[in-house]
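Working notes, structure below.
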Amino acid sequence: VTPAHGTPERAQVVVVGTGAGGAVVAAELAEAGLDVVMLEEGDRHDRVATGGAPPAALRTLYRDRGLTGAVGNTVIPIPLGCAVGGTTVTNSGTCWRAPEAVLRAWEATSGIPRLAGDGLAPEYARVERRLHVAPVPEALLGPGAALFRRGAVALGLRGGVIARNALGCRGAGVCAFGCPHGAKQSTDVSYVPRALDAGARLHVRTRVERVLTDAGRAAGVLARRLDPAGRADGKPFVVRADAVVLAAGALLTPVLLRRSGIASPTIGRHLRIHPAIRVLALFEEPVRAWEGVPQSYHLHELEPDGIFIQGMFVPPGVQAPNVPGFGALHKARMAAYDRMASFGALVSDTSSGRVLAAGRRPLVWYWLNARDRRQLVRGVSTIARVFFAAGAREVLPGLRQRPVLRSMREAETLPDVQARAADLEVMAFHPLGTARMGVDARTAAVAPSGEVHGVPRLYVADGSILPGSPGLNPQLTIMALATRIAAGMVGGRLSALDGAP
Ligand SMILES: Cc1cc2nc3c(=O)[nH]c(=O)nc-3n(C[C@H](O)[C@H](O)[C@H](O)COP(=O)(O)OP(=O)(O)OC[C@H]3O[C@@H](n4cnc5c(N)ncnc54)[C@H](O)[C@@H]3O)c2cc1C
């Protein structure tokens, strides 16, 4: 839909962003009969067109070609999606409910009701049904994960197959570059079509600049249309609405709130990212780890301690910068691509960061503390042990002091290394918590209803609202909370949304 510039469009609800949070709210509200407009900065893409190829995906599906991140005591890449479907288009499709201990802690510290003790279970179950969440079938486990499982069993470590939202997955192995078959139920193929079928309107290449208020209440948004190269065409247009839902993600939502003059001191603070590190292993025999689902198996042995380990594997052009060595050595290692396997560890961060607004861009500060650094090294050590138990010849742990490990013994002594932040090849995929939810306006930006404290009719429904690190992949929790927020907006609990599967 192309709005006439200068003519304010009207809706009951305008939703900013179509990722995990925004698409869910939009679909639930539209299916409940509300007049909804979705605004998305990115474009809508045909999966077949990008075909899961990294260069095309980085250009079209990621924000700033995947080069977003944080600075502090090191530089941490934090790639974000920028397309209809948001980061769900380029995520791994892994679906976890937050652990009970986490939900209990959130309930206690934030005052959000009905999280623990299956309090959030109805919302989780609804999302899981809609996304067809199911364990990865054995045939798609992939050879890298099968090796890893063998090593984990040999060491007596508890692990298991991951549940994902990939209906009819064929194991193309390029989830992070857009599923070429449209199997992964990212919101562009699940919730957004639901919203459209229920009558919602979608404006793509439309960047919201700020929220408009009327007598202190949210009254709409001011946006700009972008050309295909992402340049603003200079003509603002306005959507007037009875309610505004911000779901631009945990790095962009605080920028929008700040630019809109919303003053809560917690906005932009308490950033959590789940710092993560990848570990590569080289085997004697071909592994062909690109076959099957890259993230199909996990270890939950260390999950109660805040370390979560799961599969990952990327195409050679993306892998190469993470393979240590130069010249002939690097070439030889890359020539062994078919003998590589990789797994990653993420930690439930006690470190924290902050998002500031640099114009319309986020300036992200994050300080990786000593405890989280030790946790990362522990995670790396565990992955390395598992790979050696599975027969790896050498392990490349992503740690400056020990770029290559050649024995189980070296893997076991890794936690003795005192790593500075810059010694670790850290990445992060889960920005969260920058407009956190809670009953107390002094410590939380958003009330349990999703409404911003002190600004009636302005809601936040994305990763920003999580009160802390869930310790594992967050999309299902974001979607469950978004479902609850939508239910509240239509004046009831989940029952108000019943009638649709
Ligand atoms: C490589 C990768 C793999 C991942 N794998 C998993 C996984 O397997 N499982 C899991 O649970 N999580 C995974 N995640 C994380 C997960 O995808 C995110 O946590 C989740 O999508 C965040 O949802 P959100 O609604 O907060 O934001 P997003 O999904 O990022 O959506 C925000 C949307 O808002 C749009 N937007 C931003 N600013 C504006 C504006 N001003 N105007 C209009 N639109 C705007 C953006 O373009 C974007 O489309 C992964 C992430 C990455 C990067």
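The values are calculated or read from the model by the stated rules, or taken from the named source; none is laboratory data. This one's a predicted model, so the numbers in the text were calculated from it and none came from an experiment. When we count neighbours, we look across all protein chains shown, and the Cβ atoms used for this are built from the backbone with ideal geometry, even at glycine. SASA here: full protein model, heavy atoms, side chains in, ligands and nucleic acids out. Shrake-Rupley method; radii C 1.70, N 1.55, O 1.52, S 1.80 Å.
None of Ala70, Ala27, Ala20 is in contact (Cβ under 8 Å) with a residue 60 or more places away in the chain, touching a helix residue (DSSP H, G or I) at 6+ places or on another chain (Cβ under 9 Å) and open to solvent by less than 10 Å² (accessible area, probe 1.4 Å) except Ala27.
Here Val136 meets each of (1) open to solvent by 20 Å² or more (accessible area, probe 1.4 Å); (2) under 21 Å from Tyr297 (Cβ atoms); (3) within 14 Å of the ligand (Cβ to nearest atom); (4) not basic (Lys, Arg) with one exception, condition (1). Here Ala105 does not qualify as modelled with pLDDT of 95 or more, small (Gly, Ala, Ser) and buried (at least 24 other Cβ atoms within 10 Å of the Cβ).
Just for the range 30-50: of the residues that are acidic (Asp, Glu) and touching a residue at least 40 places away in the same chain (Cβ under 8 Å), which one is surrounded by the most Cβ atoms within 10 Å (Cβ to Cβ)? Looking at the filtered set, the residue picked out is Glu40. Name every residue in the range 1-50 that is hydroxyl-bearing (Ser, Thr, Tyr), within 15 Å of the ligand (Cβ to nearest atom) and modelled with pLDDT under 95, in order of residue number. Within the range 1-50, just Thr50 meets the criteria. Across the range 83-101, the number of residues qualifying as away from the ligand (no atom under 11 Å from the Cβ) and touching a helix residue (DSSP H, G or I) at 6+ places or on another chain (Cβ under 9 Å) comes to 2. The set of residues from the range 471-492 being assigned to a loop (DSSP other than H, G, I, E, B) and either near the ligand (Cβ under 9 Å from one of its atoms) or without any contact (Cβ under 8 Å) to a residue 24 or more places away in the chain (or both) comprises Leu472, Asn473, Pro474, Gly491, Gly492. Here Ala53 passes the criteria (1) surrounded by 24 or more Cβ atoms within 10 Å (Cβ to Cβ); (2) modelled with pLDDT under 95 except the one numbered (1).
Just one of Leu346, Leu282 is closer than 30 Å to Ala105 by Cα, of a type outside the set (D, E, K, R) and in contact (Cβ under 8 Å) with a residue 12 or more places away in the chain; which is it? One residue alone meets the criteria, Leu346.
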